[in-house]
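First up is the structure itself, then whatever we jot down about it.
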């Protein structure tokens, strides 16, 4: 069953039948999502009860194999960002969150994130490892052109504030809870502002997803609408050598200047200011 975007505000702008609006069957996704999580920063990967269907485990393994293949192909410049984004959209559409929760110790992860989240930020990301690889554990800087996977928690009424990126791709799959998701296409990157135009606006629960790249929907904004908002996230950074990389370029959409035809110029702001500005009323 596919979840299509419904305009929610003045930012709403339909983009046709792009797969980012889809809702997937929860059982099927969970059967495929737990594949090869060999190590977790918060605990060991484990099988929970109920995994008696070998075919389900095989499907989950195949799902993660394709997930990693897409990322590694992009990191090696064998495919374009658009091809990666289309592939991730299809992959995230094809499965359901329950399987991923069965493969990892999600109860422990969720408790840890909810305990450690900063009240000032209201969001927290925890890196997990796949295939025995451990992105980011060798130093403070995340590695270039490597698949980085995280579980994220956002408190109700808080958000991952509106921000753009440079020289990276990412995607969010909703594990639980309900998010209001807004995305924008970046038209220009100025010294003190971004020029953007709305592209996507929808509210969705477990099984829906969104993706970004330098080519499409480069600015996003996710607001938690319930108490149990968790995300499975993936990203690759510094894809093009010599091109500047920015993990987050926060913008102030509330004070943005209209440029006509839906485009606005929004000032760049700090992480602290973004956390102050964007709450439930956003």
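Read-outs: derived from the displayed coordinates by stated rules, not from any lab. Since the model is a prediction, treat every value here as computed from it, not as a measurement. Glycine also receives a Cβ, built like all others from the backbone with ideal geometry; neighbour counts cover every protein chain displayed.
Quick notes on this structure:
- Ranked list, fewest to most other Cβ atoms within 10 Å of each Cβ, for 258, 170: 258, 170
- Packing order of peptides 162-169, 86-93, 112-119, highest average first: 162-169, 86-93, 112-119 (average count of other Cβ atoms within 10 Å over each peptide's residues).
- The range 131-282 shape via C-alpha gyration tensor axes, a/c threshold 1.5: oblate
- Part-to-part distance (alpha-carbon centres) for the range 68-87 and the range 257-273, which is given in Å: 30
- The simple spin-label model puts a point 7 Å past each Cα toward its Cβ; for residue 190 and residue 203 those points are separated by 3.3 nm.
- Measuring nothing but how far apart in sequence close Cα pairs (under 8 Å, 6+ apart) lie, relative to its length, the range 132-255 scores a relative contact order of 41 percent.
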